[in-house]
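Visitor: Below is the structure I would like to discuss, written out as structure tokens.
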Number of protein chains: 2
Amino acid sequence: MITIFAPDGIGEVNPGDDVAEVIIAALRQHDQQLLDGDVLVVTSKIISKAEGRFADAEDRQQQIDSETVRTVARRKSMGIVETKHGLTQAGAGVDNSNVAPGRILLLPVDSDASAEVLRSALSDHFGVRVGVIISDTAGRVWRVGQTDHAIGSAGVRVLDSYAGRTDDYGNELHVTSVAIADELAAAADLAKTKLEGRPVAVIRGVGDHVVAPGPSARDLLRTGDEDLFWRGSREAVLGALLAAVGYPERYEQVVRLWDRDELFAAITDGVDLTDPVRTMIRTMIVAAQPLWP
Amino acid sequence: MITIFAPDGIGEVNPGDDVAEVIIAALRQHDQQLLDGDVLVVTSKIISKAEGRFADAEDRQQQIDSETVRTVARRKSMGIVETKHGLTQAGAGVDNSNVAPGRILLLPVDSDASAEVLRSALSDHFGVRVGVIISDTAGRVWRVGQTDHAIGSAGVRVLDSYAGRTDDYGNELHVTSVAIADELAAAADLAKTKLEGRPVAVIRGVGDHVVAPGPSARDLLRTGDEDLFWRGSREAVLGALLAAVGYPERYEQVVRLWDRDELFAAITDGVDLTDPVRTMIRTMIVAAQPLWP
């Protein structure tokens, strides 16, 4: 039996606040304590607030850029980027919900490290083994809606590998590993919800997944060109065209464009090309973004 | 408080079995019944088995092809395809785990319909409102490991829309909707696990998400070219090249190739091209699959 409990009573978190103390106080209000094997899932927003990761809303794009390693895909003003943390996410996770008007909030500096600080403090306080996950909300490819997943973790078996294990029939299992930390984050979101001021959930009954520090949420990330979808369908074509004309370094500039003529000009600028090649490039630009002329 | 309970004692399910009766019997063994607002998450595998969706392992590729609408991406022999159901998934969800050797199992014919049959039977039997989710396991883009999500649903608010809702600061929320059905499926997987013969979980305490029949897991799908990642990074380039030479219909044949010369030959076959264009195509093929020469 697994239980998930999201205490209310956690008020606004401010820069410099000790998140462990905030959580301990909220649990005390409910006469709750953490038990051995509990996993605590904490919304990244309160970690960011405690870390003072605020910025002016006016600087939104600049802040997104400073968090970004590369653009993965773009649809008009909405960019999906790979962040310094190795996350691939719309707008680099920069958000203004549950933040004072005129302000925005960046993701925590190092969510795995923040999770470990929290794990250590809570484990010491309650005298038990606990796991900590820092969760964030993200959209998914091919699926509508958003779910929570783990962007930081400490003391949790983030991946449960089935490699080499067999089923009752002796078949080796094709599922190589279950992303336990992401399933825990998703489960916690059902109890926390987004609006009711309950940014923390305690998951009990998953003690098998509470382990010694070591695995981290970074183990869940595929970055750079490791993924079959390392660039959006449109951006892959634009990137390949730039490789073909010898200017791959124009990628970040080019993927921000949408107009076909502007795209053509930016890709071919300063390159000596025959007419058939120019025609080919034009056709491929059209093929790259068929829906949005 | 949310609780998740995965009863053991559900034995092998065979073609023609009534899954509702199997579940009722397992709950009875544990002196459990479904309460108003419970959500039952059922692994698709036992639905497929009850539907007799078996095939010979020798016909694996043929069965995958028959389930496939189009190839989304491919890495050597591993294809990610869009299925007739609108799912985008490796191998069209065809699997041999927990199936007798020499046999494979396809996904249920219509998981939403199967969920509704189950919901109706369980609701009648226990005299309460319940929701049913049929879950499957899938890998994710940019993230390691697999999680469970919903491929069928009945009586569940699959998407909880926050559109127009504001936070305590009056900011409109950027999360447009939470994929509740997927979070429920992920949460259930933590209790079911893959090997212990517990293919069903009861989630209690989420009654707000149990609704009249209407929403279905199909609401969660983005298909065709609606997604920014509708084709893999490599396949997008190959598709655009085929559009440029006037043979888009060769896409399925071409994406199965890996060798650069074979790719070049298949793309340019029968097309009259200038040398600079041929060079351009060769360069783009290399750019499309940089890691795997």
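The values are calculated or read from the model by the stated rules, or taken from the named source; none is laboratory data. What you see is a predicted model, and the numbers here were worked out from it, not measured in a lab. Cβ coordinates were reconstructed from backbone atoms using ideal geometry, including for glycine residues, and neighbour counts include every protein chain displayed. Keep in mind that these areas ignore ligands, DNA and RNA; they rest on the heavy atoms of the full protein, side chains included. Shrake-Rupley method; radii C 1.70, N 1.55, O 1.52, S 1.80 Å.
Visitor: Could you please report the charge total around B:A113, scoring K, R as +1 and D, E as -1 over all other residues with beta-carbon less than 12 angstrom from its beta-carbon?
Guide: Overall, the nearby charge balance is -2.
Visitor: Please get the size of the charge dipole for the stretch B:17-66, origin at its Cα centre, with Cβ charges of +1 on Lys and Arg and -1 on Asp and Glu, quoted in debye to the nearest 20.
Guide: About 120 debye.
Visitor: Using a simple spin-label model with points 7 Å from Cα along the Cα→Cβ vector, what separation in nm is obtained for A:E58 and B:S77?
Guide: 6.0 nm
Visitor: Can you give the angle from 0 to 90° between the axis of helix B:233-245 and the longest principal axis of chain B, with both taken from C-alpha atoms, to the nearest 10?
Guide: Result, in degrees: 50.
Visitor: While we're looking at this one, here's another question. List the residues of the stretch B:92-106 that lose 30 Å² or more of accessible area once all protein chains are present, compared with their chain alone (1.4 Å probe, heavy atoms only, no ligands or nucleic acids).
Guide: When all protein chains are present, B:N96, B:S97, B:N98, B:P101 each give up 30 Å² or more of accessible surface.
Visitor: Here's a follow-up. B:V130: net charge of surrounding residues, Cβ under 12 Å, Lys/Arg +1, Asp/Glu -1, itself excluded?
Guide: -1
Visitor: Using alpha carbons only, how many degrees (0 to 90, rounded to 10) separate the axis of helix B:19-29 from the longest principal axis of chain B?
Guide: For helix B:19-29, the angle is close to 50 degrees.
Visitor: On to the next question. B:M1 versus A:R278, label points 7 Å from Cα toward the beta carbon: distance in nm?
Guide: Between B:M1 and A:R278, the simple spin-label model gives 7.4 nm.
Visitor: In chain A, carbon and sulfur make up what percent of the accessible area (probe 1.4 Å)?
Guide: 47 percent
Visitor: What is the Cα centroid distance between the stretch B:225-281 and the stretch A:100-159, reported in whole angstrom?
Guide: Here the answer is 42 Å between Cα centres.
Visitor: Another question, then. Give, ordered by residue number, each residue of the stretch A:1-24 whose 1.4 Å probe accessible area is reduced by a minimum of 20 Å² on adding the remaining protein chains to the chain alone.
Guide: With the partner chains in place, the stretch A:1-24 has these residues losing at least 20 Å²: A:M1, A:I2, A:T3, A:I4, A:F5, A:E12.
Visitor: If you don't mind, there's one more thing I want to ask. Under 14 Å from the 7 Å Cα→Cβ point of B:E196, by amide nitrogen: which residues of the stretch A:179-216?
Guide: Counting only backbone N, you get A:204-210.
Visitor: Kindly state, to the nearest 0.05, the FRET efficiency for A:V286 paired with A:A100, given R0 = 45 Å and r defined as their beta-carbon distance.
Guide: 0.50
Visitor: So, one more: In degrees, nearest 10, range 0 to 90: what is the angle between the Cα axis of helix A:180-192 and the longest Cα principal axis of chain A?
Guide: 70 degrees
Visitor: Under 8 Å for C-alpha pairs, at least 6 residues apart: give me the relative contact order for the stretch B:1-128, rounded to a whole percent.
Guide: Dividing the mean separation by the residue count of the stretch B:1-128 yields 25 percent.
Visitor: A further question on this structure: For all pairs of alpha-carbon atoms in the stretch A:233-288, what percent lies in each bin of width 10 Å, listed from the first bin to the last filled one?
Guide: In whole percents, the pair-distance histogram is 25, 66, 9.
Visitor: Just how much of B:F54 is accessible, in Å², when a 1.4 Å probe is used and the result is rounded to the nearest 10?
Guide: Approximately 60 Å² of B:F54 is accessible to the 1.4 Å probe.
Visitor: Once fully extended, how much extra length lies between A:Q32 and A:N14, figured as 0.36 nm per residue of separation less the alpha-carbon to alpha-carbon distance?
Guide: 4.1 nm
Visitor: Here's a follow-up. Place a point 7 Å from the Cα of A:H125 along the Cα-to-Cβ direction; which residues of the stretch A:1-32 have their backbone N under 11 Å from it?
Guide: So the set is A:18-29.
Visitor: Sticking with this structure for a sec: Threshold 50 Å², probe 1.4 Å: give the residues of the stretch B:186-223, in number order, that are less accessible with all protein chains present than with their chain alone.
Guide: With the partner chains in place, the stretch B:186-223 has these residues losing at least 50 Å²: B:L190, B:K194, B:L195, B:R222.
Visitor: Please compute the contact order of chain B in relative form: average sequence separation of alpha-carbon pairs under 8 Å and at least six residues apart, divided by the residue count, as a percent.
Guide: Details: 535 pairs, mean separation 64.5, N = 293.
Dividing the mean separation by the residue count of chain B yields 22 percent.
Visitor: Separate question: Give the accessible surface of chain B per residue, rounded to a whole number of Å², with probe radius 1.4 Å and ligands, DNA and RNA excluded.
Guide: Roughly 39 Å² per residue, with all protein chains present.
Visitor: Leaving out ligands, DNA and RNA, calculate the buried accessible area for the pair A and B with a 1.4 Å probe, summed over both sides, in Å² to the nearest 100.
Guide: Chains A and B together bury roughly 8200 Å² of accessible area.
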